[in-house]
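Here, each number is a calculation from the coordinates, and none is a lab measurement. These numbers come from a predicted model, not from an experiment. So basically every Cβ, Gly included, is an ideal-geometry build from the backbone, and we count neighbours across all protein chains shown.
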Amino acid sequence: MKKLIPILILFLSWACSEKTETQKPNVLFLFADDQRAETLGIAGNPYIQTPTLDQLAREGTRFTNAYVMGGNHGAICMASRAMLFSGKNLFKVYDRLNGVQTMTMDFANAGYTTFGTGKWHNEKEAFEASFQQANNVYLGGMANHYEVDLRNYGADGKLGEPTKKGYSTEIFAESAIDFIQSQKDSSDPFFCYVAFTVPHDPYSPEANYINYYPDGSLPLPGNYMPYHPFEFDHLTVRDENLTGWPRRPEVIQMILSDYYALITHLDTQVARILDALRESGKLENTIIVYAADNGLAVGSHGLLGKQSLYEHSMKVPLIIKGPGIPSNQELDAFAYIHDLYPTLAELAGLPPREDVDGKSLVPVIHGEKESVRDALFTAYRHTIRAVRTDKWKLIRYPERDHTQLFDLEHDPLELNNLAENPIFSSEKNRLISLLQESQKAVGDTVSFTAAVIKPMAYYPDTLKRKPDQWQPEYTLKRYFEEK
């Protein structure tokens, strides 16, 4: 018997090491569409109800300065998702993923089962190359949430023809739940990507959430304006047509009521997914990420969309929870959406990739570093560039030869432009140099001043708008009928 004891110990040691070897953490990635960073209760918003996301943040780490780098056209989400999945900056990937090694490809190579549901606003072929399993995938940008064109994989591993189905948020949640339940008895780790189409417009909450926040009950943004004070790009870009000019205060409050209702309903569906994860027994060994592709103006600075470089449009929520990640931690370190690729790879023990531009946030999460960058650069088309530090932000409009300088410490709403104040000339010049250095570092060749200068004046009362094909009856009556 004594001779058997060492053999038994060796066997148990081997069995435990084998078990440890296979216990890689699962990944559940929850991605919202057009959600402003401060639309969480835990972010200090006393008006919105997001109990599930607030609890997720308390159980994990929340980044308070997370951003998308920008976009090369009005559909910021295309570039944002391309950056997320490639780990590359805007000027390396723009909005294209075909032929690019993606985040989920790396996880599949490491033995993960990869699954995707929801919005995919890049090439169809790139989705098929990036996910082994899929259900209810929407290929596109805008969608009527009440009847979304959804596709599933066929026997050939390709996305089939679309079928119209019911309310998007609930369908995507159900798809994620079905997948998680299917993995209950699997010993392989999984990467489950759930890309919601809300709170992106149409401003059409699920029927039970209409009037959840009664019209007029929500305050206007602190930087609400009836018009943007100057022209800087196409002020009739699609998002900006969803209400008229001037932006009437009562209409902005209506939009906010619908926008918040979309988010609160989303919160309930995230709760369902997390309950399924808990019931599967895999919650404790799952890294959960909650983020959004970009922010949204919703009346701030006289804008509705995300086609600007103000904080409200570039800043996003970012929560990470999982094994080894500190709970109830808030970090103000700068983060980009494309930092999540190397961050998740490191947390899961995947080998580092040398060809990504994103930086792993793991040293910041674990308190080994205060930050991975000292400044943050953003860009929109060829028309706007911006750089910010912990206290200051400079926005440059090359086609208008116009500069904005904001003291974010004392003016977080970006209302008081200090660019022409001689007291701040040294700070302005420092940030101009930093902006140009940042452009060079990412390969951006847009000049500080364009060859042809366009006027800043415009006539918003003459701007015309009309509804697009995705607006359901609810929003047509509410926002497009003359009153």
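What net charge is computed for the residues neighbouring VAL372, neighbours being all others with C-beta under 11 Å from the C-beta of VAL372, Lys and Arg scored +1, Asp and Glu -1? Could the numbers behind the result be given before it?
Values: positive: LYS359, LYS369, ARG373; negative: ASP339, GLU368, GLU370, ASP374.
My count for the surroundings of VAL372 gives -1.
Kindly put LEU361, LEU331 in sequence by how many other C-beta atoms sit within 10 Å of each C-beta, fewest to most. Provide the component values of the computation, followed by the final result.
Numbers: LEU361 28, LEU331 21.
Listing LEU361, LEU331 from fewest to most nearby Cβ atoms yields LEU331, LEU361.
Per-residue HN-Hα couplings for region 304-317, Karplus 6.51 cos²θ - 1.76 cosθ + 1.60 at θ = phi - 60°, whole Hz, x for Gly and Pro?
Values per residue, Gly and Pro as x: 10, x, 10, 8, 8, 10, 5, 4, 4, 9, 9, 8, 9, x Hz.
Dipole size in debye (nearest 20) for the chain around its Cα centre, Lys and Arg Cβ +1, Asp and Glu Cβ -1? All intermediate terms of the calculation are to be shown ahead of the outcome.
Numbers: 48 positive and 62 negative charges, 105 e Å.
With Lys and Arg at +1 and Asp and Glu at -1, about 500 debye.
Taking Cα centroids, how far is region 239-298 from region 34-70 in Å?
10
Please check which bits of region 325-349 a label hung off HIS366 would reach, taking the label as a point 7 Å along Cα-to-C-beta and the cut-off as backbone N under 14 Å.
Under cut-off, by backbone N: 325-326, 343-349.
How do the peptides 398-404, 268-274, 305-311 rank, highest first, by the average count of neighbouring beta carbon atoms within 10 Å per residue? Before the final figure, lay out the partial values.
Numbers: 398-404: 18.7, 268-274: 20.3, 305-311: 25.4.
Per-residue Cβ counts within 10 Å, averaged per peptide and sorted highest first, yield 305-311, 268-274, 398-404.
Arrange the peptides 180-188, 373-381 so that the one whose residues have, on average, the most other Cβ atoms within 10 Å appears first. Write down the numbers at each step before the final one.
Working: 180-188: 13.6, 373-381: 20.2.
In descending order of packing, they fall as 373-381, 180-188.
Relative to the first principal axis of the alpha-carbon coordinates of the chain, what is the inclination of helix 168-182, with its axis defined by its Cα atoms, in degrees from 0 to 90 and to the nearest 10?
20
How far is it, in nm, from the label point at LYS477 to the one at GLU38 when both lie 7 Å from their Cα along the line to the Cβ?
Result: 3.3 nm between the two label points.
Can you divide the C-alpha Rg of region 122-281 by 2.2 N^0.38 Å and report the result to two decimal places? Working shown, then result.
Numbers: Rg = 19.0 Å, N = 160, 2.2 N^0.38 = 15.1 Å.
For region 122-281, the normalised Cα radius of gyration comes out at 1.26.
Please compute the modelled spin-label separation between ASP188 and ASP390, points set 7 Å along Cα→Cβ, answer in nm with one decimal.
Output for this residue pair reads 4.6 nm.
Around PHE190, what is the net charge, scoring Lys/Arg as +1 and Asp/Glu as -1 over all other residues with Cβ under 13 Å from its Cβ?
Details: positive: LYS24, LYS184, LYS282; negative: ASP178, ASP185, ASP188.
Counting the neighbours of PHE190, the net charge comes to 0.
Which order do peptides 142-148, 170-176 fall in by mean Cβ count within 10 Å, highest first? Display every interim value, and only then the final one.
Details: 142-148: 20.7, 170-176: 22.6.
Result, highest mean first: 170-176, 142-148.
Around GLY299, which amide H atoms from residues at least 5 apart in sequence, or from another chain, sit under 5 Å from its own amide H, with H modelled in the peptide plane?
Result for GLY299 returns LEU304.
Report Rg (one decimal) and Dmax (nearest whole number) for region 200-288, counting Cα atoms only, units Å.
Answer for region 200-288, Rg first and Dmax second: 18.0, 55 Å.
Would you mind checking the pairs LYS92/LYS124; LYS24/LYS321; LYS88/LYS164; LYS24/LYS359; LYS184/LYS321 and listing those with alpha carbons more than 25 angstrom apart?
Values: LYS92/LYS124 20 Å; LYS24/LYS321 15 Å; LYS88/LYS164 34 Å; LYS24/LYS359 21 Å; LYS184/LYS321 20 Å.
Distance filter (> 25 Å) returns LYS88/LYS164.
Quick one: which residues, 5 or more positions from VAL27 or on another chain, have an amide H under 5 Å from its amide H? H modelled 1.01 Å from N in the peptide plane, none for Pro or chain starts.
Excluding prolines and chain starts, which carry no amide H, the hits are PHE190, PHE191, CYS192, ILE287.
May I have the extent of the alpha carbons of region 382-452 along their three principal axes, as whole Å values ordered from largest to smallest?
32, 25, 22
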